[in-house]
Amino acid sequence: ISFFKEISVMTKKRRSKQDKHKEIISKIFIGRKEPIQLFQKHLECNNPDDANFIDILNIHGQGGVGKTFLTKELMVLVKKKKLTLVSYIDEDIIGSLEFMNAISEQFLQQGKKLELFDERYRKYLAGKKKVETDPHAPKGLVQFLAKTIVKGSLDLANSVSGLREVTQVIDKDAAGEHAGNLIEYIHKKWTNKDEIELLLEPEKVLTPLFLEDLWSLEEKYHLCFFI
């Protein structure tokens, strides 16, 4: 019994190879005091007009010099600070919608929801899914919606009573042969001008909502985006 107790104690105290490696790396991580101290001063600022407040901190250098490691060191400092929300976006996130949604999801994990953005983004996904799963949708329409360049803005002051209003927002050069099918299909499926705009121009609709949510959070929290 005594033998097994000793083994148990040794097992609890023994560090993994990963823990040892992290400790070694931490000890040899030198030459980065200046950016860390600069960032610490930034985190202590409560006023964006303060001279120490940083809008953008650009970490740059050749591959392998420790940019990612330094970034994660700064993230550790952020997570220790109260009333701070942090997000981390890497090259796996492609596209502005995915970018905004990733930040929204990470903030939600920290207990804060981007109310306006999240609600409309869910509606956008529902509308997109409606198209993708509709057996009566014109062939190739999903790919077309993903690639079509939509220009201008929807001017539906009167009502969506005809096709003219929808054709105003379609880039006919990009639409090509699918334009007619797209116009007819959307006119039949959607009668709400807001839903049409959300489906055709999601970035235009969702970006202002995303920014408005961030402004609301910024009044109470320190927002840090690691990109």
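The values are calculated or read from the model by the stated rules, or taken from the named source; none is laboratory data. Everything quoted here is computed from the prediction, not taken from an experiment. Ideal geometry is used to build each Cβ from the backbone, glycine not excepted, and the neighbour counts take in all protein chains shown. These area figures cover heavy atoms from the full protein model, side chains too; ligands, DNA and RNA do not enter into them. Shrake-Rupley method; radii C 1.70, N 1.55, O 1.52, S 1.80 Å.
Looking at (1) within 14 Å of Y221 (Cβ to Cβ); (2) more than 17 Å from the chain's Cα centre (by Cα), which is the only condition Q106 fails?
(2)
Show the residue pairs that are 6+ apart or on different chains and have beta-carbon atoms under 6 Å apart, the first residue being within the stretch 189-205 and over 15 Å from V131 (Cα atoms), the second being at pLDDT 80 or above and part of a helix (DSSP H, G or I).
From residues that are over 15 Å from V131 (Cα atoms), the pairs are E203/S96; V205/E197; V205/L198.
Here's a check for you: in the stretch 31-44, which residue that is without any contact (Cβ under 8 Å) to a residue 24 or more places away in the chain and not charged (D, E, K, R) is least open to solvent (accessible area, probe 1.4 Å)?
H42
Does L70 satisfy the condition of being farther than 25 Å from K204 by Cβ and surrounded by 12 or more Cβ atoms within 10 Å (Cβ to Cβ)?
Taking the combined requirement at face value, the residue satisfies it.
Checking L199 against (1) surrounded by 17 or more Cβ atoms within 10 Å (Cβ to Cβ); (2) closer than 30 Å to D55 by Cα; (3) not small (G, A, S), which test does it fail?
(2)
Residue check: is F210 within 30 Å of K67 (Cα to Cα) and open to solvent by 60 Å² or more (accessible area, probe 1.4 Å)?
It is false that F210 is within 30 Å of K67 (Cα to Cα) and open to solvent by 60 Å² or more (accessible area, probe 1.4 Å).
Which one of these is aliphatic (A, V, I, L, M), over 24 Å from E105 (Cβ atoms) and modelled with pLDDT under 60: I25, I54?
I25
Of the residues L97, L83, L77, which single one is touching a Phe, Trp or Tyr at 6+ places or on another chain (Cβ under 7 Å), open to solvent by less than 90 Å² (accessible area, probe 1.4 Å) and in contact (Cβ under 8 Å) with a residue 12 or more places away in the chain?
L77
Does L57 fit the bill of being open to solvent by less than 90 Å² (accessible area, probe 1.4 Å) and either farther than 30 Å from L199 by Cβ or out of contact with any helix residue (DSSP H, G or I) (no Cβ under 8 Å at 6 or more places or on another chain) (or both)?
Yes.
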